[in-house]
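In what follows, a single structure is set out as structure tokens and then discussed.
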Amino acid sequence: MTEHDVDQYRVTEAPYYRPVTDEVDLYEAAYQARMPVMLKGPTGCGKSRFVEYMAWKLGRPLVTVACNEDMTAADLVGRYLLDANGTRWQDGPLTTAARIGAICYLDEVVEARQDTTVVIHPLTDHRRTLPLEKKGELVHAHSDFHLVISYNPGYQSLMKDLKQSTKQRFGALDFDYPEAAAEAEIVAHESGVDSDVADKLVQIAHRARNLKGHGLDEGISTRLLVYAGNLIAKGIEPRSACTMSLVRPLTDDPDMRETLDQAVATYF
């Protein structure tokens with residue numbers, strides 16, 4: 001792979017990320033030790049942005065895989081393809097990351113089948129290798145390669161969880177929505193609204209999060225708050241912006257929608 005090919009995976013501009021506790025220091029230490037890292041937290045709380053920020057901070061390429069239940073081991077490691085000249089091998093994203101020394105980020109890893117995720121095991125212990133059985137090659141990971149996985153523990157079930165043999169190959173960082181002042185700062189920065197509007201949006205989110213498990217599967221994420229702020233910054237009336245970004249995506253239940261609409265009306 002040429003340097004030009006590697007450049008497509010580089011994070012060239014500093015992503016905005018506001019540290020909440022000591023997660024940046026912990027990740028840097030884990031990276032130096034080449035300890036695989038698991039990020040656990042609710043949807044839209046900043047896990048993916050954190051990985052992007054750390055890739056930029058460490059100057060490493062970033063290969064991201066959005067995991068899904070149809071993903072096979074071949075989708076991760078690679079396969080033979082037919083072209084005009086016959087067959088050729090095409091590396092998958094995991095293999096590419098191992099070869100070039102990238103951070104490989106498997107997002108929502110529990111969505112993938114367990115027989116797919118076991119292919120990462122040889123990369124997560126002292127071996128740091130990836131067998132390409134179909135090709136008859138053993139890839140030795142680049143010294144800078146690092147593996148990061150993430151998932152939302154709120155959606156764990158017996159059918160969708162990581163095996164202990166996988167979990168215990170990782171150090172783990174817990175993520176959650178930031179405390180109110182920090183979250184308002186993030187919303188204001190990312191959307192362009194003033195601090196007063198950002199504070200109100202965060203207060204609405206806190207009310208919704210208190211309903212998790214009492215009619216809502218998930219609370220309003222920081223990502224959705226930024227969406228609402230973006231609309232308000234574009235001149236959309238705040239109630240309409242909140243209805244579109246904070247209420248309608250969360251639930252179709254009429255009573256729950258009314259409850260959330262009332263929360264919006266309290267602040268706008």
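Quick notes on this structure:
- Members of the stretch 132-161 found to be modelled with pLDDT under 85 and either surrounded by 13 or more Cβ atoms within 10 Å (Cβ to Cβ) or over 26 Å from Asp217 (Cα atoms) (or both), listed by number: Gly154, Tyr155, Gln156, Lys160, Asp161
- Residue selected from the stretch 17-46 under the condition over 16 Å from the mean Cα position of the chain (by Cα) and without any contact (Cβ under 8 Å) to a residue 24 or more places away in the chain, by the criterion farthest from Val187 (Cα to Cα): Ala33
- Residues being assigned to a loop (DSSP other than H, G, I, E, B), touching a strand residue (DSSP E or B) at 6+ places or on another chain (Cβ under 8 Å), basic (Lys, Arg) and in contact (Cβ under 8 Å) with a residue 24 or more places away in the chain are represented in the stretch 109-132 by at least one member.
- When residues in the stretch 44-64 are screened for being at pLDDT below 95 and surrounded by fewer than 18 Cβ atoms within 10 Å (Cβ to Cβ), 0 of them pass.
- Exactly one residue out of Ala74, Ala84 is closer than 25 Å to Lys160 by Cβ, assigned by TED's automatic domain parsing to the domain that holds Leu123 and more than 17 Å from the chain's Cα centre (by Cα), and it is Ala74.
- Of note, Leu82 does not satisfy the criterion of being touching a residue at least 24 places away in the same chain (Cβ under 8 Å) and either aliphatic (A, V, I, L, M) or in contact with a helix residue (DSSP H, G or I) (Cβ under 9 Å, 6 or more places away or on another chain) (or both).
The values are calculated or read from the model by the stated rules, or taken from the named source; none is laboratory data. None of these values were measured; they are calculated from a predicted model. Note that each Cβ is placed from the backbone with ideal geometry, even for glycine, and that neighbours are counted across all protein chains shown.
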